[in-house]
1. Students often get this wrong: which residues of segment 31-50 have the backbone nitrogen under 15 Å from the point 7 angstrom along Cα-to-C-beta of His87?
2. Where a ≥ b ≥ c are the square roots of the eigenvalues of the C-alpha gyration tensor, would you call the chain rounded, which needs a/c under 1.5, or, failing that, prolate if a/b is larger than b/c, or oblate?
3. In nm, give the distance between the simple-model label positions of Leu29 and Glu10, each being 7 Å from the Cα along the Cα-to-Cβ direction.
4. With +1 on each Lys and Arg Cβ and -1 on each Asp and Glu Cβ, how big is the dipole of segment 11-137 about its Cα centre, in debye rounded to the nearest 20?
5. Identify, among Leu46, Val102, Ala28, the residue whose Cα sits farthest towards the positive end of the charge dipole of segment 27-138, taking +1 on the Cβ of Lys and Arg and -1 on the Cβ of Asp and Glu, with the dipole about the Cα centre.
6. Give a quick list of trypsin sites (Lys or Arg not before Pro) in segment 30-138 that DSSP marks as loop, anything other than H, G, I, E or B, with at most 16 other Cβ atoms within 10 Å.
Amino acid sequence: MENLAIAAAERPAIYMSAVECDALFELALSAERSQPMVCSMLMAELERAELRDADALPDQTVVMNAFIDFVDERTGARRFVQLVYPHDADISDGRISILTPVGAGLIGMTAGCSIRWPDRSGEDHVLRIIRVTPPDKG
């Protein structure tokens, strides 16, 4: 897939705590056989993340269980979602799994940043983060 070849340097910086990065890497490895494409995408993002202590992450960084207000600049669709682990996902309730293309593309991003990212069919979208609300304040 051409999208996966986008150089990391062309993507915005992403930030993550080492603990969360390790947990997500383990999750991606455990699901690699059933979801190879999205797990590969997620692992590539985890590998390029700048690791920091959880309390030293930039304001409005997308972490697990955070609430994200974002827009798909290609379609103009604006969404408000919570990024969750697969067992908590419920798209009808706005909870999207980290093991989806959108979830893998949002993790570690900060408000104001955009990323060109493929959907399940491989079609590119530009996701722009408007606002991130921490998990305990959603």
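No value in this document is a laboratory result; all are computed from the given coordinates. What you see is a predicted model, and the numbers here were worked out from it, not measured in a lab. Here the Cβ is made from the backbone with ideal geometry for all residues, glycine too, and neighbour counts use every protein chain on show.
1. It comes to 31, nothing else.
2. It comes out rounded by the Cα gyration axes.
3. 3.0
4. For this selection, approximately 400 debye.
5. Val102
6. Arg33, Arg74, Arg120
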